[in-house]
1. Using a Förster distance of 35 angstrom, determine the FRET efficiency expected from the C-beta separation of residue 139 and residue 181, and round it to 0.05.
2. Taking the Cα centre of the range 61-187 as the origin, how large is its charge dipole in debye, to the nearest 20, when only Lys and Arg (+1) and Asp and Glu (-1) carry charge on their Cβ atoms?
3. Give me the one-decimal nm value for the distance between modelled label points at residue 126 and residue 91, 7 Å along each residue's Cα-to-Cβ direction.
4. Students sometimes get this wrong: rank 85, 104 by accessible area, probe 1.4 Å, all chains present, largest first.
5. In square angstrom, rounded to the nearest 10, how much accessible surface does residue 197 have for a 1.4 Å probe?
6. Sorted from largest down, give the three principal axis spans of the alpha carbons of the range 56-210, whole angstrom values.
7. For the range 99-145, treating each Cα as an identical point scatterer without solvent, what Debye log10 I(q)/I(0) comes out at q = 0.22 1/Å?
8. Obtain the nm distance between the two label points defined at residue 167 and residue 64 by a simple spin-label model: each point lies 7 Å from its Cα along the Cα-to-C-beta direction.
Amino acid sequence: MRFLRRNADEAAETTAEDAPAEVTPGDPSRTPGKGRPTPKRREAEGKRRGPVPPPPRTQREALKRARGNKVSKEERRAAAVERRKRMMAGEDKYLLPRDRGPVKAYIRDVVDSRRNLMGLFMPLAILVFVALLVPMPDVQQYATLLTTFMLLAMIVEGFVLGRLVTRRVRLKFPNDTTRGLSIGWYSFIRASQLRRLRVPKPRVNPGDQV
């Protein structure tokens with residue numbers, strides 16, 4: 001009986017030693033434990049910041065993200081003006097996906113260095129619209145005839161320009177996999193726009209060597 005009582009007393013003393021000491025409220029000499037390991041700094045920053053979002057691909061997506069951040073109207077307007085300025089300057093990051101890359105930049109330079117008949121497409125369309133409003137059959141007939149010849153000339157010029165630009169792209173970028181039809185269509189669209197309305201702005205003047 002004395003042996004069992006001794007074991008019980010020793011077990012009680014061991015339990016009392018292992019138990020955490022009671023902390024008296026207001027005692028600055030002791031700090032209670034948190035009950036969990038302290039996280040590393042990298043883990044804490046990762047949970048607080050989260051993954052970095054990808055950059056916006058379009059101007060609409062950038063405006064939507066700007067609205068989500070609840071910035072002021074003046075800040076959004078200034079950001080839009082800055083993006084427009086950089087896009088017109090030809091900075092690849094701010095261009096639309098169809099205009100990005102060194103191949104598209106080279107195509108634009110080749111087209112912009114030429115004087116193309118297709119640049120008159122928009123003025124011709126306006127001329128036809130005005131001629132249709134004039135109640136004179138002779139004017140409408142001559143306008144239709146002129147438009148037909150101009151459209152045929154533009155189609156031929158667009159085909160020749162597409163072949164020329166495709167051949168030059170293949171020589172300068174032999175590893176490029178862009179289809180010839182895509183190169184020709186991009187060249188045609190660029191050439192059919194008025195020079196001052198082209199986006200991004202032309203980097204070369206007509207007659208420059210590219």
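1. On the way: r = 38 Å, r/R0 = 1.09.
The computed FRET efficiency comes out at 0.35.
2. Numbers: 24 positive and 12 negative charges, 165 e Å.
The dipole of the range 61-187 has a size of about 800 debye.
3. Taking the two extended label points, one gets 3.2 nm.
4. Values: 85 140, 104 40 Å².
Ranked list, largest accessible area first: 85, 104.
5. 100
6. 60, 46, 26
7. -0.76
8. Roughly 4.5 nm, to one decimal.
The values are calculated or read from the model by the stated rules, or taken from the named source; none is laboratory data. For clarity, every value in this text was computed on a predicted model and none was experimentally measured. Reconstructed Cβ throughout: ideal geometry from the backbone, glycine too, with neighbour counts over all protein chains shown. With ligands, DNA and RNA removed, areas are computed over all heavy atoms of the protein, side chains included. Shrake-Rupley method; radii C 1.70, N 1.55, O 1.52, S 1.80 Å.
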